[in-house]
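Below is one structure, written out as structure tokens; comments come after it.
The values are calculated or read from the model by the stated rules, or taken from the named source; none is laboratory data. Nothing here was measured: the structure is a model prediction, and the numbers come from that model. Because the Cβ atoms are built from the backbone with ideal geometry, glycine has one as well, and the counts that use them run over all protein chains shown. The accessibility values were calculated without ligands, DNA or RNA, using every heavy atom of the protein model including side chains. Shrake-Rupley method; radii C 1.70, N 1.55, O 1.52, S 1.80 Å.
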Amino acid sequence: SYDGQAIDDVRISISSETIDGAGNVLGYGGPEALRSGSYLPYVGIIVLDTADLSLLEAEGDLLDVFTHEIAHALGFGTIWDHRGLLSGVGTSDPVFTGPQARAEYNALFGTNATGVPVEAGGGQGTAYAHWRDTVFQTELLTGWSKPGASPISRITVASMADLGYQVNMAAAEAYARPASLRGAASLAASSSASASTGSSRNQL
């Protein structure tokens, strides 16, 4: 129960407020209450910047932003440390070590990495809570919103399984390794590089 209300599964409250005006931070999401033992959230919140809502809707990006923040409310990037699945915090090469996501990442990127590259830049709320932008680029769970399609990859779906959820891998969307990373040398360089600041894009 939470505030006197019985909760079966999870409750996510969604609201809008002034964050920083139009552009920059679009919103944030995360858990408010975690289950004992599993740390899976049973209460979460999503807050979007009022100043960005009209443009997000007009450009067809509002659903992607909601979906991104729902993932955080369910634990993506927000309970990784509770589950012991985040390594390299404080370095330029943090990784998510969940075995199912790692296997999907290695299969797609043709590597034998010990973890999935995690964002190290962007400051509080972005660093250590998203996939690395320089590696994943258009995937929905990077820390910056981009125009065009933002698919939920098999890597993201598998990461939710690593957190303890039952998932449907067949529901993942089509996502390919970015063209700029298809050479082994460029992939290795990007995997070890520090993250983009994202100063010209909107943060999630």
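Answer yes or no as to whether Glu104 is in contact with a helix residue (DSSP H, G or I) (Cβ under 8 Å, 6 or more places away or on another chain), charged (D, E, K, R) and open to solvent by 10 Å² or more (accessible area, probe 1.4 Å). When the stated conditions are applied, Glu104 passes them.
Number of residues in the stretch 49-71 that are of a type in the set (A, V, I, L, M), more than 16 Å from the chain's Cα centre (by Cα) and buried (at least 20 other Cβ atoms within 10 Å of the Cβ) equals 1.
On the given criteria, is Leu55 of a type in the set (A, V, I, L, M, F, W, C), part of a helix (DSSP H, G or I) and free of Cβ contacts under 8 Å to residues at least 24 places away in the same chain?
Spelling it out, it is not the case that Leu55 is of a type in the set (A, V, I, L, M, F, W, C), part of a helix (DSSP H, G or I) and free of Cβ contacts under 8 Å to residues at least 24 places away in the same chain.
Against the numbered list (1) within 14 Å of the chain's Cα centre (by Cα); (2) at pLDDT 95 or above; (3) surrounded by 23 or more Cβ atoms within 10 Å (Cβ to Cβ); (4) at negative phi, Gly75 comes up short only at (4). For the stretch 80-100, check the following and say yes or no: at least one residue is open to solvent by 40 Å² or more (accessible area, probe 1.4 Å), at pLDDT 95 or above and closer than 18 Å to Ala172 by Cβ. Yes, the conditions are met somewhere in the stretch 80-100. Within the stretch 135-149, the set of residues being farther than 14 Å from Ser159 by Cα and open to solvent by less than 40 Å² (accessible area, probe 1.4 Å) comprises Val135, Phe136, Gly143, Trp144, Ser145, Lys146. When the stretch 18-34 is filtered for residues that are in a strand (DSSP E or B) and open to solvent by 80 Å² or more (accessible area, probe 1.4 Å), the ones remaining, listed by number, are Tyr28, Glu32. Against the condition within 16 Å of Leu74 (Cβ to Cβ), under 13 Å from the mean Cα position of the chain (by Cα) and of a type in the set (S, T, N, Q), how does Thr126 come out, does it pass? So Thr126 fails the test.
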